[in-house]
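**Student:** What follows is a single structure, and I will ask about it in a moment.
The values are calculated or read from the model by the stated rules, or taken from the named source; none is laboratory data. As the structure is a prediction and not an experimental result, all values here were calculated from the model. Cβ sites come from the backbone with ideal geometry, for glycine too, and all protein chains shown count toward neighbours. Ligands, DNA and RNA are excluded from the accessible area calculation, which covers all protein heavy atoms including side chains. Shrake-Rupley method; radii C 1.70, N 1.55, O 1.52, S 1.80 Å.
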Amino acid sequence: MTTTTPTTRPTAAPGRPRARRRRLVAWVPAALVLALAAFLWPTTWGGGTTLVVVAGHSMEPTYASGDLVVARTGTPQVDDVVVYRPDGVDGYVVHRVVGGDAQGGWTTRGDNNGWDDVWHPTADDVVGVVRWHVPGLGAVTPVLGSPLTWVALGVILAGWLLWPARDLTDEEAAGAPTP
């Protein structure tokens with residue numbers, strides 16, 4: 001009768017490399033969330049991004065009412081869509097630059113309009129150039145603009161990163177099934 005002994009894979013310091021890898025992998029989503037938060041940090045809080053919900057039909061078919069546009073700070077060029085706040089208006093205007101310049105004022109017009117705007121925003125009035133838009137996502141902006149949302153995300157992220165991880169047993173580190 002012949003008996004065989006099961007072979008085991010040699011491991012150097014069981015559990016240690018895997019535990020280090022797990023900790024490192026845990027930080028990757030945290031870094032991604034922090035990078036996204038830094039990128040989307042609003043201009044009202046000193047950042048470079050403005051989120052605006054399109055209201056009205058002046059930019060159709062490019063943007064529809066309820067679309068979310070993401071504008072980043074920068075110098076607009078003719079044919080760019082800009083977000084600006086005209087004097088005496090409570091809110092933002094999202095229209096296309098059709099002429100002018102930053103010092104004398106831009107000439108803007110809605111894509112669905114046959115006339116130029118009465119306002120001529122200068123570089124100080126323009127809060128951003130539209131870089132992206134998400135159709136129909138306008139309902140999310142109150143949530144994204146709330147400081148409470150960002151505090152809650154920070155608390156969740158801190159709890160996830162600081163919660164102690166369970167150490168692997170020798171059997172788990174060697175790859176043996178657990179009961």
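**Student:** Taking the Cβ of V98 as the centre, find all other residues whose Cβ is under 14 Å away and add up their charges (Lys, Arg: +1; Asp, Glu: -1). Before the final figure, lay out the partial values.
**Tutor:** Details: positive: R96, R109; negative: D79, D80, D101, D111, D116, D117.
That sum, taken over residues with Cβ under 14 Å, equals -4.
**Student:** First select every other residue whose beta carbon is under 11 angstrom from the beta carbon of T62; then total the charges, Lys and Arg +1, Asp and Glu -1. Each step should come with its number before you reach the end.
**Tutor:** Details: positive: R96; negative: E60, D67, D111.
After counting each charged neighbour, the total is -2.
**Student:** If DNA, RNA and ligands are ignored and the probe is 1.4 Å, what is the ranking of W106, W160, W150 by accessible area, most exposed first? Don't jump to the answer; show the numbers that get you there.
**Tutor:** Values: W106 15, W160 130, W150 60 Å².
Putting W106, W160, W150 in descending order of accessible area: W160, W150, W106.
**Student:** How charged is the neighbourhood of T108? Take every other residue with its Cβ under 12 Å from the Cβ of T108, and add Lys/Arg as +1 and Asp/Glu as -1. Intermediate values should be presented prior to the final figure.
**Tutor:** On the way: positive: R96, R109; negative: D79, D80, D111, D116, D117, D125.
Every neighbour counted, the sum reads -4.
**Student:** Work out the FRET efficiency for V98 and L137 from their Cβ-Cβ distance, taking R0 = 30 Å, and round it to the nearest 0.05. Can you show the working numbers first?
**Tutor:** Values: r = 27 Å, r/R0 = 0.90.
So the FRET efficiency works out to roughly 0.65.
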